[in-house]
Structures are given as structure tokens and as C-alpha cells.
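The values are calculated or read from the model by the stated rules, or taken from the named source; none is laboratory data. The structure displayed is predicted, hence computed values, not measured ones. Ideal geometry is used to build each Cβ from the backbone, glycine not excepted, and the neighbour counts take in all protein chains shown. The protein model used for the area step is the full one, side chains on, heavy atoms only, and it has no ligands, DNA or RNA in it. Shrake-Rupley method; radii C 1.70, N 1.55, O 1.52, S 1.80 Å.
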Amino acid sequence: MPALVNYSGDDDLYPMDLGRLYAIASNFNVYYPPSKRARIRAPFNSETLESEQDQKPTIEVLPDECLFEIFRRLPGGKERTSCAGVSKRWLMLMSSISKAEICKPASSDIEMNPSNEVRDSEGDDGYLTRCLEGRKANDIRLAAIVVGTSGRGGVGKLSIKGNNSGCGVTNVGLSAVGRGCPSLRSLSLWNVSSIGDEGLIEIAKGCHMLEKLDLCQISSISNKSLIAIAEGCPNLTTLNIESCRKIGNEGLQAVAKLCPNLQCISIKGCPLVGDHGVSSLLASASDLSKVKLQSLNITDFSLAVIGHYGKSITNLALSDLRNVSKKGFWLMGVAQGLQKLISLTITSCQGVTDASIEGIGKGCSNLKQICLRKCYFVSDNGLVAFAKTAGSLESLHLDECSSITQSGIIVALSNLKSKLKSLSLVKCKGIKDIEMEESMLSPCMSLRSLTIKNCPSFGSASLAMVGKLCPQLQHIDLTGLYGITDAGLLPLLENCEAGLVKVNLTGCWNLTDNIVSALARLHGGTLELLNLDGCMKITDASLAAIANDCLLLNDLDVSKSAITDLGLAVLSGAKHLSLQVLSLSGCYDISNNSVPFLKKLGRTLEGLNIQNCNSIGRSKIESLMESLWRCDILA
């Protein structure tokens with residue numbers, strides 16, 4: 001029985017040890033066939049044996065209706081769990097019994113057997129979490145979960161992922177959840193094609209405490225399911241719908257009308273969802289704080305409604321809205337309804353232009369974070385106009401905004417210099433080295449984090465300018481800037497007055513040991529993370545500088561560099577160094593001789609990556625794993 005009670009979908013349900021189940025339920029008056037055939041001493045007579053077997057009484061001859069009446073009169077969860085382990089038929093019958101259909105013991109029965117009062121916990125706390133994935137996602141396992149947890153507070157969070165064609169979760173299994181898990185608060189269904197409206201309707205009938213519902217890539221469900229959920233689950237606060245092609249405006253209108261506590265909504269790739277459904281949600285759900293709309297057939301009207309009624313929205317994400325023009329985004333901003341908006345993310349929306357981004361800046365006075373991805377029509381003029389009006393902005397992220405140049409970034413920084421803390425530029429091809437007079441540069445004293453990733457035209461001249469603009473930097477990420485050199489990075493390091501804490505130089509293959517030595521000398525007292533992955537000119541001299549000057553370093557990545565066993569020997573000898581993560585992937589000059597040094601470093605290591613270190617033998621790796629059993633080793 002414990003195997004079934006504690007069942008979480010990770011073990012095989014059948015075959016089971018029925019002997020243990022019989023022993024647990026020995027006080028229950030049910031006939032069980034003998035586990036061993038009796039020895040036959042008389043001469044064998046097949047006709048006599050068949051007639052005896054025909055006359056033999058057995059509970060299995062009872063129809064399902066009779067067994068149902070018997071099972072719902074069982075005194076507690078322990079007995080129900082024991083009977084469910086007898087056969088699949090009994091399990092499925094037991095899972096079809098709802099809480100309301102279970103007969104409560106009479107008061108006289110309780111007095112005769114007072115142990116029943118403390119034997120089972122029949123509360124509906126719903127604190128248990130279960131997840132079924134891939135082949136394990138089927139009706140049998142789901143029924144076992146329902147029955148096994150019914151006496152322990154019930155399942156509160158259930159997730160079903162994957163498509164097991166042929167024997168996956170169907171409406172039968174989901175109906176069992178609806179009947180047996182009244183305390184269910186969170187349900188996630190991902191890529192379960194065999195589920196339809198019938199199963200979700202049963203969930204709506206039995207799980208009135210449901211607060212979160214995720215529906216992803218379920219083509220069979222329609223508005224009928226969503227309407228039933230809205231009617232039966234008024235406490236719904238979070239709804240995520242993705243790639244459900246039969247769900248449209250009617251279902252969303254029901255949710256808007258009947259779920260007053262809705263706080264988070266995410267809709268992606270539903271072709272039947274249009275302006276009527278989205279506008280109903282925004283106009284009716286007064287507590288809606290997080291909204292994500294992606295790949296929908298909505299127009300300027302929906303964004304105007306968001307701008308007018310979104311008074312409680314704090315996080316807004318809009319992606320791939322092809323039918324929304326620049327007028328829609330402009331109306332969303334100037335409507336003055338998004339006063340509580342803190343975070344805004346816009347991806348692949350052609351309607352985002354200079355005028356619309358300026359309108360957003362004027363209408364969202366408390367905006368702290370903005371992320372623009374693949375917004376090709378936003379230029380320097382729009383960015384500067386936005387920066388002048390967005391006085392509360394703390395984080396600016398630009399990804400593949402090719403019309404923005406370095407001049408626009410510098411002017412925007414001068415307008416955001418009092419509060420901006422983080423600036424991220426990713427794949428912005430318009431960022432190029434340009435000459436600017438120092439009189440035009442206004443330092444941004446508030447900036448603490450700078451990320452410039454995969455901007456191929458960003459070189460050493462631009463990096464030196466950044467050092468003068470941002471003297472208080474603590475986090476630097478320059479991934480993929482293969483054009484920068486030691487001479488370009490050194491002024492930035494020298495101008496960082498606050499002390500660098502995290503430095504990521506992945507793929508900067510022109511950097512040498514000289515810049516690492518300067519970094520360790522200038523910022524060794526504050527540096528905690530250093531990533532030199534792919535810096536092929538880095539040698540043992542860099543490890544020696546790190547060992548001598550870096551006092552707080554706990555994460556070091558020197559993958560695909562030119563370090564050798566000698567460098568690791570020096571690093572392991574640094575008594576003040578307490579590395580927690582060390583990555584040496586692709587360092588071909590590291591051999592078996594480095595194993596003693598790695599063991600010494602392993603006293604504090606929690607993660608070690610020695611993948612593609614082909615000079616280390618398999619036996620040495622096994623010895624290392626045995627010694628550093630607390631460390632997570634990738635080899």
C-alpha cells in the first residue's frame with residue numbers, strides 16, 4: 001500500500017506485491033483467491049474440476065455497479081488504496097468515485113471502532129504535487145495518483161506533459177482527477193492530444209478551488225471547456241493558453257465575466273482569439289496585473305483598450321502582433337491608463353516606431369524595465385525621445401534593433417543618467433566605432449550592469465568610451481566581441497571605480513594574459529565571477545595572476561584556452577581561493593597529471609566541467625569522481 005499511497009508517477013504500478021496489500025486489508029471481509037494452487041491427491045478429473053470452479057464464489061463475477069456500491073462504503077482511505085491495488089479494473093472503479101459519493105461511517109460504527117477516527121487523514125489540504133511526463137502519462141497512473149493521495153490531503157498541483165500516443169491520458173483519466181481531487185489548485189496540460197472537452201468539464205465540476213490553468217498544444221478542447229472552467233472555478237487567478245486552435249473569443253468572454261480574481265493571462269498562437277475576447281478580458285478583469293499576448297489576430301483596438309483599462313497591469317509582453325500598426329502602440333501609451341506598468345517587452349512588432357515608443361514613454365510614467373526585440377523601425381530619434389520622458393527607467397534592453405546607433409545610445413544615457421542601472425545591447429548591428437569629443441560625453445553614474453553581446457562592429461574605441469561614460473560599473477558582459485583587444489579593454493578596467501564583481505569575456509579571442517593580469521590587479525578584491533571561455537590566448541600566466549590577486553573569486557571558466565597542468569598546480573596552491581565552480585572544457589593540454597591538483601581544488605568545488613579534456617584518462621576521471629563525490633562533475 002505505501003507504494004500506491006506515495007505513488008508519484010515514477011514507478012511501475014504493475015505488477016504489484018498483492019501479498020502485502022492482502023495483509024494490510026486482512027480485517028476487511030472480501031474474498032481473495034489463494035496465492036498458491038492446492039495439491040491434488042485424487043486422480044485428475046477435468047470435468048469435476050471445471051464444475052467445482054464454476055460453483056466457486058468470487059467477487060469478480062459482480063458487475064461494476066455492485067462493486068461501485070461496495071467500494072464507496074469502505075471505511076477509510078487505507079482500505080480504498082488496498083482494494084485499488086488488486087487489479088486495473090478495481091483501480092479504475094475506485095478512481096471513478098467522487099468525494100461526495102463516499103458513504104460516511106455511522107456514529108455507532110465510530111464508537112465500536114474508535115481507531116477509525118485517527119487512522120486516515122481525509123482533509124482536503126491539496127499540498128501534494130504530482131507530474132506525469134512522456135510514457136508515464138496515462139490513465140492508469142493518473143488513477144493511481146488520485147486514489148493513492150485521496151487519504152493524504154489530495155493533489156494540489158498536477159502537471160501532465162508529453163504525448164503518449166496509443167495509451168496516453170484521456171478524458172477518463174482527467175475525469176478521475178475531477179472526481180477525486182477537489183483540492184486541486186493548479187493544473188498544467190502540455191501536448192496531450194487525447195484530451196477533449198469532456199475531461200475539462202469534469203475538472204470544472206469537481207475542482208472548484210482551481211486557481212491556475214495551463215493549456216498548451218491541445219487541439220481538441222474548445223470554448224465549451226473554457227466556459228465550463230469559468231463557471232465552475234471562480235477563484236481562477238492565472239490562465240495560460242497556447243496553440244489551442246479551437247479556443248476563441250466566446251471562452252475568453254466567459255472567463256472575463258465569471259472570474260473576477262484573474263491576475264495573470266497569457267495567450268499565444270490561438271487563431272480564433274480576436275479583439276472581442278482580449279478587450280473583454282482587459283475591460284472586465286480589474287485585478288489583471290500580468291498580460292502576455294503573442295501571435296494573435298488582434299488590431300489597434302485591443303491595444304487602445306489595454307492603454308485605457310489596464311490600470312492594474314504591472315507586466316506587459318506583446319509579441320508578433322502583425323495586425324497592430326504604429327497607431328495602436330501610440331494609443332496604448334497616450335491613453336494614460338498604464339500608470340502602474342513596471343515592465344514592458346515588445347518583440348517582432350512592426351508597429352513599434354519612433355512615434356509610438358515616444359507615446360509609451362509619455363504615458364507610462366512608472367516604467368522601470370523595457371525590452372525591445374527585433375523592432376527594426378525604432379531609430380536614434382525614437383530612443384532619445386523615449387529616454388527624455390521615461391524618468392523612472394532602470395533597465396534598457398535592445399535586441400536586434402539595427403536602426404539604433406552608438407550616437408543614440410550615448411545621448412539616451414545622458415538623459416537616463418540618474419536612475420538607469422542596467423543596459424543591454426544584443427546583436428545591434430548599428431552599433432559601430434565612432435569618434436566623439438569628450439565634451440559630448442555625460443557620465444551615467446547610476447549604471448551598474450553593462451551587456452554588449454554579439455555586436456560585431458563594436459570595437460576597442462567604443463569600449464574605451466564606455467569606460468568614461470560608466471565609471472560605476474560592477475557587471476560586464478562582452479560575449480562575442482572578438483574585435484576588442486587588451487588596449488581597448490584596459491581603459492574600461494581602469495575607470496571602473498566601484499570594483500568589478502562579474503566579468504564575462506566569452507569569445508573575445510584577441511585578449512591575452514596581460515589584460516587578465518590587469519583585471520586581477522585592479523579588481524581582485526571584488527571579483528567573484530570570471531568567464532574566459534574561448535579566449536585561446538589565455539595561458540598559465542593568467543591562472544597565476546588569479547591565484548595571487550583574486551580573493552573572492554568563486555566561479556572561473558577557462559574553457560577552450562591554452563592552460564596546462566602547471567597552471568592548475570599554481571591555482572590549487574592559492575590558500576585564500578575558494579572556488580565553487582571551475583570549467584576546463586576543451587583544454588586539451590590538461591592531462592592525468594592535473595588530477596591531484598583538481599582533487600585539492602575539489603575541497604570547495606560544487607561544480608567541475610572537464611568535458612573534452614581528452615588527455616585525462618577514464619580511470620583518472622573515475623578516481624576523481626570517487627574522491628569528489630560531493631561535486632557535480634561533467635566529463
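Remarks
- Probe 1.4 Å, protein heavy atoms only - accessible area per residue of the stretch 302-379 in square angstrom: 40 Å²
- Fraction of accessible area attributable to carbon and sulfur, the stretch 578-635 (%, probe 1.4 Å): 42 percent
- Computed lengthening from residue 632 to residue 88, 0.36 nm per intervening residue step minus Cα-Cα distance: 191.7 nm
- Placing +1 on the Cβ of every Lys and Arg and -1 on the Cβ of every Asp and Glu, with nothing else charged, gives the stretch 182-231 a dipole about its Cα centre of roughly 80 debye.
- Residue separation of residue 208 and residue 161 scaled by 0.36 nm, minus their Cα-Cα distance, works out to 14.6 nm of gained length.
- In units of the compact-protein estimate 2.2 N^0.38 Å, the stretch 191-325 shows a Cα radius of gyration of 0.97.
- Isotropic mean projected area of the C-alpha convex hull, the stretch 138-262 (nm²): 6.4 nm²
- Computed FRET value (nearest 0.05) for residue 240 with residue 457, which takes r as the C-beta separation and R₀ as 56 Å: 0.90
- Three semi-axes of the equivalent ellipsoid, the stretch 505-584, Cα gyration tensor, whole Å, largest first: 17, 13, 12
- Binned Cα-Cα distance frequencies in the stretch 561-635 - 10 Å width, integer %: 21, 61, 18, 0
- Distance from the Cα centroid of the stretch 463-537 to that of the stretch 316-363 is 36 Å (rounded to whole angstrom).
- Normalised size of the stretch 280-392, defined as Cα radius of gyration per 2.2 N^0.38 Å with N residues, equals 0.94.
- Between residue 472 and residue 257, residue separation times 0.36 nm minus the direct Cα-Cα distance comes to 72.4 nm.
- Packing, as the average of other Cβ atoms within 10 Å across residues, places the peptides 581-593, 355-367 in the order 355-367, 581-593, highest first.
- Inter-label distance, residue 297 to residue 311: 3.3 nm, where each label sits 7 Å from its Cα along the C-beta direction.
- Short-range pairs are left out: with C-alpha atoms under 8 Å and at least six residues apart, the relative contact order of the stretch 208-311 is 24 percent.
- Ordering of 368-374, 462-468 by packing [mean C-beta count within 10 Å, highest first]: 462-468, 368-374
- Mean Cβ count within 10 Å, highest first, over the residues of peptides 222-230, 549-557: 222-230, 549-557
- Tensor-based shape of the stretch 389-496 (alpha-carbon gyration tensor, a/c under 1.5 rounded, otherwise prolate or oblate): rounded
- Pair residue 402, residue 588: separation of 7 Å Cα→Cβ label points (nm): 3.6 nm
- Cα gyration tensor category, rounded, prolate or oblate, for the stretch 454-569 with a/c compared to 1.5: oblate
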